[in-house]
Every structure is written in C-alpha cells, then in structure tokens.
Amino acid sequence: MKQRIIRNEKNIKFLNSLITNGFYKGYIGQEKFELIPNHFINNYRIIGVLNENNAYELEFDYNSPMNIASKLAIIVIVIASIIFLANKIWIFPVLFSVFGLILFINFNLKRTKELNILTDKFLEFHKSENQ
C-alpha cells in the first residue's frame, strides 16, 4: 500500500515548515517534492510525486551517489555470480545472495521507519490544527 499526502495549501505549508524547522532538507515543487532527513547517515530520501487524484504518492530511495553505486554494485555482483557459477564455485554466489538479502531487508525496514516518522508528523500537525 502506497502512502499518500493530499496536495492542498495546508499540507504544502506543513512540508515547508518541516524544511525550515530543520527536520528535513529538500525542495517542494508543483509536481513533486523531495525530502532528505536531516540526521546523520542520511543516504535516503523521501520523494512525493503528484498523481491524477491530486495527491502525492510517497516513494523512498537512496540519495543520488548512493543510488548509482547500488545499481552498479547489483550489476557487478550478478555478472560475478554468473562467472563463479559457470566455474562451479558456489560459495561466492551464496555469500552475495545473503549479503543482498540483508541489504534488501535493511532498506525495507528503513523505508518503513522513515515513512512512518513523516506520516506521524503529519498526524500530529493535523491534530494540533483541529484543536
């Protein structure tokens, strides 16, 4: 299930306040926004892309240098695994698979955590606005 933020003036103002208060770095445009958590080891970013229902669909991704490096690493590991399997060396493909599985689980846990933090801040904001 994709998390969404409805695009209206109040939510855009809140996104701006998250950036100005130092919780996130990033920008807010007409069609999308990008937020980078403002804490140590911030290799991740939250991207909101406007859909046809006038809501931002939240996505989670690596920052630019890390994103390119991860894709290159996947390509190199797949090629190396094919070469090792062709030479009947099984230990390296198994180790690469275990390492990749650990990275995949870590990425998904981090995505869940960061998106929950953002949506919790939105819920707190809307609760404080209604009181």
Exercise for the section: Check residue 58 against each of (1) surrounded by fewer than 16 Cβ atoms within 10 Å (Cβ to Cβ); (2) under 14 Å from the mean Cα position of the chain (by Cα); (3) at negative phi and name the one condition it does not meet. Expected result: (1)
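Can you find, within segment 73-84, the residue that is surrounded by the most Cβ atoms within 10 Å (Cβ to Cβ) among those that are more than 25 Å from residue 47 (Cβ to Cβ) and of a type outside the set (Val, Ile, Thr)? Spell out how you get there, then give the answer.
If we filter segment 73-84 for residues that are more than 25 Å from residue 47 (Cβ to Cβ), which is where we start, we get 76-84.
In the following step, the residues that additionally are of a type outside the set (Val, Ile, Thr) were identified as 80-81, 84.
Values: 80: 13, 81: 19, 84: 17.
If we take residues in segment 73-84 being more than 25 Å from residue 47 (Cβ to Cβ) and of a type outside the set (Val, Ile, Thr), then 81 is surrounded by the most Cβ atoms within 10 Å (Cβ to Cβ).
Identify, from the list 127, 121, the residue that is part of a helix (DSSP H, G or I), among the basic types (Lys, Arg) and without any contact (Cβ under 8 Å) to a residue 40 or more places away in the chain. If you could, list the steps in order and put the result at the bottom.
Working: 121 fails: without any contact (Cβ under 8 Å) to a residue 40 or more places away in the chain.
Step by step, each of 127, 121 is checked, and only 127 is part of a helix (DSSP H, G or I), among the basic types (Lys, Arg) and without any contact (Cβ under 8 Å) to a residue 40 or more places away in the chain.
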Handout entry: Of all residues making up segment 85-128, the number that are farther than 24 Å from residue 59 by Cα, polar (S, T, N, Q) and surrounded by 12 or more Cβ atoms within 10 Å (Cβ to Cβ)
Key = 1
Practice task
For segment 108-116, state whether one or more residues are basic (Lys, Arg) and in contact (Cβ under 8 Å) with a residue 24 or more places away in the chain.
Solution key: yes
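Computed from the coordinates by the stated procedures, all read-outs in this text should not be read as laboratory data. The structure presented is a predicted model; accordingly, all values stated were derived computationally and were not measured. FYI the Cβ positions are ideal-geometry reconstructions off the backbone, even for glycines, and counts take in every protein chain you see.
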